[in-house]
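I am attaching a structure below and will ask some questions about it afterwards.
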Amino acid sequence: MSDAPGRDGTGAPRLQEVSEGIFAYVQPDGSWWINNTGFLAGERGVASVDACSTERRTRAYLEAIRSVTDRPVRTLVNTHHHGDHTFGNYLFSGATVVGHEGTREGALAWGKPFDEPYWTKVEWGDVEIEPPFLTYADGVTLWVDDLRCEVRHVGTPAHTTNDSVVWIPERRVLFSGDLVFNGGTPFLMQGSIAGAITVLEEVVAPLGAETIVPGHGPVGGPELIEPVLAYARFVQATAAAAKPAGLTPLEAAREADLGPFAELTDSERIVGNLHRAYAELDGVEPGGAIDLAGALNDMIAYNGGRPLTCRA
């Protein structure tokens, strides 16, 4: 397996077999645009959960798959539309790209990758936009040999407006997408703070997963859920206290004591999350439109006026 993506001190990706024939592909350090993927290796073919953000990283992921099996990738499931999970779709030649209807819409609306002025420069490669072309409204069942994989839309905006999970009940393995971050600050600016809490409490936790492959960070178990819930509740509480006091989201973020959450990577996400929490206090529906450019600019201001660090 190529260790090429481990530039800038982020470390080489790790291929981890989490259950027989089921692999997580974990990319350190899990910060901006550095996501996790995974795949199931069957007798006739491979099913992949997500792609990577750059051409270089996605090609390394495909090499990792080939280190396990010479079977082709027949199916590629996108857990949501963000580019770290979808920009590499076009490199899965011949695969059926599957995603929620909103994932297709979101990938097309975002378009080609960009970085500056919001993020530091990234070598994206020759990315072509390849959105899901087999879409669903609620979910679809994917079979890898005789193993049932339930691809489920979570029902409400959370990380984004179009999040899905891949649940393998026989193995108690869950690919959570970015509903779960491990070691990184959860990012809910394009989804819903309240929705994320609902989804984690009412959709994710009741599954009883024994192994969770998060969207970013190391593989874990059900213990990964509560820290994300705690952070979302912290954002809600911070907004509920700061907004009536007349503080802007940026001012609230600067005054907030992150406490245990200060150890998480990409702490500037507190600002974008507060923009979303403020909107929800104003009655904006989950996932409703907010000023995303303004929120990103405030995150840069929180970051000392510097573009957000991306090592992808």
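With the structure loaded, tell me whether Tyr118 is closer than 24 Å to Ala289 by Cβ, surrounded by fewer than 22 Cβ atoms within 10 Å (Cβ to Cβ) and at pLDDT 95 or above or whether it fails that test. Let's see the steps before the verdict.
Numbers: closer than 24 Å to Ala289 by Cβ: yes; surrounded by fewer than 22 Cβ atoms within 10 Å (Cβ to Cβ): yes; at pLDDT 95 or above: yes.
Yes.
Then there is this: Please find, among Thr185, Thr198, Thr160, the residue that is hydroxyl-bearing (Ser, Thr, Tyr) and farther than 18 Å from Asn35 by Cβ.
Details: Thr185 fails: farther than 18 Å from Asn35 by Cβ; Thr160 fails: farther than 18 Å from Asn35 by Cβ.
Criteria check complete, one pass: Thr198.
Moving on to the next point. Restricting to the stretch 295-312, name every residue that is polar (S, T, N, Q) and not in a loop (DSSP other than H, G, I, E, B).
Across the stretch 295-312, the qualifying residue is only Asn297.
Restricting attention to the stretch 258-275, which residues are open to solvent by 20 Å² or more (accessible area, probe 1.4 Å) and either part of a helix (DSSP H, G or I) or under 13 Å from Val235 (Cβ atoms) (or both)?
Leu258, Gly259, Pro260, Phe261, Ala262, Glu263, Leu264, Ser267, His275
Inside the stretch 128-152, can you point out the residues that are under 19 Å from Phe175 (Cα atoms) and among the β-branched types (Val, Ile, Thr)?
Thr135, Val140, Thr141, Val144, Val151
Residues Glu105, Glu202, Glu130: which one is outside any strand (DSSP E or B), open to solvent by 10 Å² or more (accessible area, probe 1.4 Å) and closer than 26 Å to Ala41 by Cα? Break it down into steps so the answer makes sense when it comes.
Values: Glu105 fails: closer than 26 Å to Ala41 by Cα; Glu202 fails: closer than 26 Å to Ala41 by Cα.
Among Glu105, Glu202, Glu130, only Glu130 is outside any strand (DSSP E or B), open to solvent by 10 Å² or more (accessible area, probe 1.4 Å) and closer than 26 Å to Ala41 by Cα.
Among Leu147, Leu174, which is the only one that is open to solvent by 10 Å² or more (accessible area, probe 1.4 Å) and either in contact with a Pro (Cβ under 6 Å, 6 or more places away or on another chain) or not charged (D, E, K, R) (or both)?
Selected residue: Leu147, the only one of Leu147, Leu174 that is open to solvent by 10 Å² or more (accessible area, probe 1.4 Å) and either in contact with a Pro (Cβ under 6 Å, 6 or more places away or on another chain) or not charged (D, E, K, R) (or both).
Within the group Pro214, Pro218, Pro222, which residue is open to solvent by 10 Å² or more (accessible area, probe 1.4 Å), touching a residue at least 60 places away in the same chain (Cβ under 8 Å) and not β-branched (Val, Ile, Thr)? Working first, answer last.
Working: Pro214 fails: open to solvent by 10 Å² or more (accessible area, probe 1.4 Å); Pro222 fails: touching a residue at least 60 places away in the same chain (Cβ under 8 Å).
Going through Pro214, Pro218, Pro222 in turn, the sole match is Pro218.
Of all residues in the stretch 137-177, which are in contact with an Asp or Glu (Cβ under 7 Å, 6 or more places away or on another chain), touching a residue at least 24 places away in the same chain (Cβ under 8 Å) and assigned to a strand (DSSP E or B)?
Listed by number, the residues that qualify are Gly139, Leu147, His153, Trp167, Gly177.
Quick one: which of Arg57, Arg66, Arg14 is basic (Lys, Arg) and touching a residue at least 24 places away in the same chain (Cβ under 8 Å)?
Unique residue meeting the criteria: Arg57.
Search the stretch 69-92 for residues that are over 18 Å from Gln27 (Cα atoms) and pair each with any residue that is of a type outside the set (A, V, I, L, M) and open to solvent by 20 Å² or more (accessible area, probe 1.4 Å) when their beta-carbon atoms are under 6 Å apart and the residues are at least 6 apart or on different chains.
Filtered contacts from the stretch 69-92: Thr75/Thr96; Tyr90/Glu128; Tyr90/Glu130.
The values are calculated or read from the model by the stated rules, or taken from the named source; none is laboratory data. Just so it is clear, the model here is predicted, and its values are computed rather than measured. Note that we place each Cβ from the backbone using ideal geometry, even for glycine, and neighbour counts take in every protein chain shown. Accessible surface areas use protein heavy atoms only, side chains included; no ligands, DNA or RNA. Shrake-Rupley method; radii C 1.70, N 1.55, O 1.52, S 1.80 Å.
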